[in-house]
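Comments concern the structure below.
The values are calculated or read from the model by the stated rules, or taken from the named source; none is laboratory data. Bear in mind that the values here come from a model prediction, so they are computed numbers and not experimental data. Counting neighbours? That spans all protein chains shown, and the Cβs are built from the backbone with ideal geometry, glycine included. The accessibility values were calculated without ligands, DNA or RNA, using every heavy atom of the protein model including side chains. Shrake-Rupley method; radii C 1.70, N 1.55, O 1.52, S 1.80 Å.
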Amino acid sequence: MDNERIAELFEGLGPVSIRKLFGGKGIYFDGVIVAIVLRGELLLKADAESAPEFEAAGCRQWTYTGSRHGKLVSMPYWSIPDSAFDDPDEIAVWARRAYEAGLRAGK
């Protein structure tokens with residue numbers, strides 16, 4: 001996903017900055033990380049408060065198997081509902097949730 005498309009998706013939230021992160025991209029709004037692009041997939045930040053909304057919408061949480069201990073590790077990033085990619089108002093709602101989760105995380 002190129003930077004122009006990322007900026008377009010987040011227009012409803014406001015101007016974002018994009019930096020290299022985890023071999024992908026970190027997306028920041030007002031200095032707070034709100035999303036990442038990993039292996040071409042856009043994932044939004046969530047927390048204990050917002051994760052149930054992502055889950056209810058059928059989104060998938062980013063997980064991986066730890067190389068040292070072989071256990072499944074869950075990260076605080078979730079996929080975006082497919083319908084949000086084509087609806088600027090809907091993606092703005094999800095982006096706002098991600099921003100609020102980032103604020104609560106203090107990062």
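Some values worked out for this structure:
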| item | result |
| --- | --- |
| Local net charge near W62, Cβ-Cβ under 12 Å (Lys/Arg +1, Asp/Glu -1) | +2 |
| The chain: angle of helix 88-105 to the longest principal axis, Cα-based, in degrees nearest 10 | 50 degrees |
| Packing-based order for 63-71, 12-20, using average beta carbon neighbours within 10 Å, highest first | 12-20, 63-71 |
| Computed magnitude of the charge dipole of the chain (debye, nearest 20; Cβ of K, R +1, Cβ of D, E -1) | 840 debye |
| Carbon + sulfur, % of accessible area of the stretch 1-81 - ligands and nucleic acids excluded, 1.4 Å | 49 percent |
| Inter-centroid distance (Cα atoms) of the stretch 1-42 relative to the stretch 47-107, Å | 13 Å |
